[in-house]
Amino acid sequence: MSEIEVLENIATKAVHRLRTETLTSGQPFMINVNSLPAGQCYLEFPDKTIQLVTFVQGKNDFVPVRNLRARDRERLRKRLGL
C-alpha cells in the first residue's frame, strides 16, 4: 500500500468517525459531493433523513432544496461508502 493510500484510509476513517459522533450528538452532518453545483450539499440528520440544501450567503444558513426519498438516500450512502 502506498503512502497516499495509507493517508486516504486514515482520512476516510476519521470522516466516518466524525459522522457517527456528529449524528449521535443530535447534529446534522454535512456531505459534500463534487458533482453538486457550487453552494449545494447534503445534510444528513440523526433520524436518517437527508436533505439537499443550498447555502444562502446573506442568511449564513442552509435552505432546503428537497428531501431525498428513501431509495435515493440508500443510493447516496452506498455510493459514498456510508
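Do we find that Thr54 is surrounded by 10 or more Cβ atoms within 10 Å (Cβ to Cβ), closer than 18 Å to Leu80 by Cβ and not acidic (Asp, Glu) in this structure? No.
Anything in the range 14-51 that is surrounded by fewer than 10 Cβ atoms within 10 Å (Cβ to Cβ), under 20 Å from Lys78 (Cβ atoms) and of a type in the set (S, T, N, Q)? List them, or say none. Once the filter is applied, which keeps residues that are surrounded by fewer than 10 Cβ atoms within 10 Å (Cβ to Cβ), under 20 Å from Lys78 (Cβ atoms) and of a type in the set (S, T, N, Q), the range 14-51 yields Asn32, Asn34, Ser35.
Every read-out reported here was derived from the displayed coordinates using simple, explicitly stated rules and does not represent laboratory data. Note that the coordinates shown come from a computational prediction; the quantities given were computed from them, not determined experimentally. Because the Cβ atoms are built from the backbone with ideal geometry, glycine has one as well, and the counts that use them run over all protein chains shown.
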